[in-house]
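Structure first, then comments.
The values are calculated or read from the model by the stated rules, or taken from the named source; none is laboratory data. A quick note: this is a predicted structure, and the numbers were derived from the prediction, not measured. Note that each Cβ is placed from the backbone with ideal geometry, even for glycine, and that neighbours are counted across all protein chains shown. Surface accessibility is based on the protein's heavy atoms, side chains included, excluding ligands, DNA and RNA. Shrake-Rupley method; radii C 1.70, N 1.55, O 1.52, S 1.80 Å.
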Amino acid sequence: MKNKIINLLEESVKKSAEKGIISESDLSRLEVAVPANPAHGDYAANAAMILASTAKQNPRKIAETLLANLTDEENILQKTEIAGPGFINFFIKDNIWKNELKIIEEKNEKFGKLYIGNGKKVQIEFVSANPTGPLHIGHARGAVVGDVIANMMKTAGYDVTKEYYINDAGNQMSNLGKSVLLRLRELAGEKIDFPQTCYQGEYIKDIAAQILKNEQNKYLARDNEDKKISYLTDIAGRIILEDIKGNLKDFGVIFDDYFSESKLYENDGVSKILEVLKKSGFVYSDGQTLWFKTTEFGDEKDRVVVRKNGEPTYFAADIAYHQNKFSRGFEYIVDVWGADHHGYIPRMYAGIMALGHSKDKLKIILVQLVNLLRAGEPVAMSTRSGEFVTLREVLDEVGKDAARYNFLMRRSDSHLDFDLEVAKRQSNENPVYYVQYAHARICSIIKMAAERNIKLPSYLDIDPALLKEPEELALIKMMSRYPEMIEGAVRSLEPHRITFYLNEMAGIFHSYYNKNKVISDDNNLTAARLFFVKTILVILRNALMILGVSAPEKM
RNA sequence: GCGCCCAUGGCUCAGCUGGAUAGAGCGCCAGACUACGAAUCUGGAUGUCGGAGGUUCGAAUCCUCCUGGGCGCACCA
């Protein structure tokens, strides 16, 4: 619908320009938006004000010209008006809006699918937590945001791959092996002074116990320590990664790929990239140390890529990793990071730009930390002490739907209070149930109709003119704009727009439900309303599907 | 010290990339089930959009400075 208005306007601008009445100007700033106040029409355009600055004419006069040259071939406009400083307000005929119901019915689960992605290959990388411990609640938010962004982009016609990057090459990993070794010896009865720098969590003991059971005492002797640690690192890493995968799966997050950092080092992959950068002059040496000139791309200082001891840094691997992504044919890359990594952004951009990739091929989404509460009181979280609430615990306690929905209720770059008590409460404080309840209610109505042998009508069976309640019209417009909402969410990569949309829509529906009976003695009215609520179901389902939240038929 | 991100009713947050009179939810008070599901609905008020300038037809939104919070500033990942 919005596109139709834009087309009408563009035609008019062209026509007016040909006639020389106005000088055609940049149309890229042309904006058609839904006004906050419904009295200002279904859509409003700022075209006249935009053109006024270059044309040096009164915006209202330009608006008049544009309207005079507007040809509404499809006859969709009820009226237009010029308002305020030069807005053009468009009022669309009710029957045109109602026509959208037919489209929703026909497209059904495909309603809201877009083609703006055009099959473009996109990779979205998220979570990517080191397999040194279980996922905690902070990872959960990133997991949902990444997953839903992926779903949105798929809906919009992108060819999306979800990837988890495993940092399994650093010394945090060998620290894991060391922690396990020490706990093993402790379990075997030795008195161990367990260092602060090691992983404190209980899960380390569990893993140690498991290994001890399988392999008895072969780690007790003090020989070949490095070898033992490396072996234990490998085993523990695998156990933890399997646990992570299981948790993510139960959270509804399934990755297409798990990409191991160590793979980057195969065939000297990392050094080869550094060699390339050296040749192009972005990498220079300072004694044994290799530096990357990230300052050339706006970073505060240059960054080390190979340490004095000859080992490449994490950053070096990350450059190679991103090059690898491009080499695999991804045309657009989305990284979802914790907000505490924001200082890393200029470096990452420098990395890809030095390798000849345009900056706009990479988009980094920052997800702010989660403030965990229980009944309003902060829950102590400390990774060092091993005290944290895991994703598993959140899932067990509040459930997948409530957890996911709660993480999607704010923009990802703003802090989120997550209250475990509120999230599991089945009450009006919990929007997920508000939306799901609307869905279950409609299912219930449809079931009731079936029990009374009332056929579920299709658009051709009903008289759309009977849908004339204010809530009906509001919902019809809102549903028609669903694809526009999705498009906005995709362009801005903002999943929270979907939850806000759903809350609003469920609100209008509940209000409508309380005022009006769907099933009544009036057969024609019943048919019209049954069909109408059926289309609401379509939108709710499609949107919840993108969020990875279930649409229950009863609750 | 330098850099990035925030600051919107009592609380938690939206505000469609600069638009018209700034919106929800929670909480508070008072009401609505012999009616398709009360996990619902109806009504009631609260704002110098942290402060001060600037940009223009127009600013919560963009620029500068200040105040107050969060986070970064490794040859860690």
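A few comments on the model shown:
- Answer residue from segment A:435-458, given it is open to solvent by 90 Å² or more (accessible area, probe 1.4 Å) and touching a helix residue (DSSP H, G or I) at 6+ places or on another chain (Cβ under 9 Å) and is modelled with the lowest pLDDT among those: A:Lys455
- Condition met for A:Val304 (more than 29 Å from A:Ala143 (Cβ to Cβ), touching a residue at least 12 places away in the same chain (Cβ under 8 Å) and within 12 Å of RNA strand B (Cβ to nearest atom)): yes
- Among the residues listed as A:Lys227, A:Lys272, A:Lys249, the single one being at pLDDT 90 or above and more than 30 Å from A:Glu393 (Cα to Cα): A:Lys272
- If the condition is being in contact with a helix residue (DSSP H, G or I) (Cβ under 8 Å, 6 or more places away or on another chain) and part of a helix (DSSP H, G or I), then segment A:322-336 contributes A:His322, A:Gln323, A:Asn324, A:Phe326.
- Qualifying residue in segment A:174-184 (condition: crowded, with 18+ Cβ neighbours inside 10 Å, touching a helix residue (DSSP H, G or I) at 6+ places or on another chain (Cβ under 7 Å) and of a type in the set (Val, Ile, Thr)): yes
- Residues in segment A:121-173 that are open to solvent by less than 10 Å² (accessible area, probe 1.4 Å), part of a loop (DSSP other than H, G, I, E, B) and aromatic (Phe, Trp, Tyr): 1 in all.
- Cβ-Cβ contacts under 7 Å between residues 6 or more apart (or on different chains), taken from a first residue in segment A:3-18 that is touching a residue at least 60 places away in the same chain (Cβ under 8 Å) to a second residue that is acidic (Asp, Glu) and open to solvent by less than 90 Å² (accessible area, probe 1.4 Å), are listed as A:Leu8/A:Asp72.
- Residue in segment A:402-423 that is farthest from A:Gly252 (Cα to Cα), counting only those that are within 10 Å of RNA strand B (Cβ to nearest atom), in contact with a helix residue (DSSP H, G or I) (Cβ under 8 Å, 6 or more places away or on another chain) and not polar (S, T, N, Q): A:Asp413
- Residue within segment A:201-217 that is more than 15 Å from RNA strand B (Cβ to nearest atom), within 24 Å of A:Asp318 (Cα to Cα) and modelled with pLDDT under 90 present: no
- For segment A:4-36, the candidate set comprises residues that are under 22 Å from A:Met479 (Cα atoms) and at pLDDT below 85; within that set, the residue that is surrounded by the most Cβ atoms within 10 Å (Cβ to Cβ) is A:Glu31.
- Among all residues of segment A:217-226, there is none that is within 22 Å of A:Val389 (Cα to Cα) and among the small types (Gly, Ala, Ser).
- A:Glu64 vs. criteria modelled with pLDDT of 85 or more and not in a helix (DSSP H, G or I): no
- Selection from segment A:186-245 of residues that are among the small types (Gly, Ala, Ser), in a helix (DSSP H, G or I) and open to solvent by 40 Å² or more (accessible area, probe 1.4 Å): A:Ala209, A:Ser230
- Some residue of segment A:208-221 being of a type in the set (Ser, Thr, Tyr), touching a residue at least 60 places away in the same chain (Cβ under 8 Å) and more than 30 Å from A:Asn151 (Cα to Cα): no
- Test: A:Lys249 is under 24 Å from A:Val122 (Cβ atoms), open to solvent by 80 Å² or more (accessible area, probe 1.4 Å) and either free of Cβ contacts under 8 Å to residues at least 40 places away in the same chain or not aliphatic (A, V, I, L, M) (or both): yes
- Residue in segment A:488-507 that is open to solvent by less than 50 Å² (accessible area, probe 1.4 Å), among the polar types (S, T, N, Q) and away from RNA strand B (no atom under 11 Å from the Cβ) present: no
- Exactly one residue among A:Ser520, A:Ser511, A:Ser480 is among the small types (Gly, Ala, Ser) and more than 9 Å from RNA strand B (Cβ to nearest atom), and that residue is A:Ser480.
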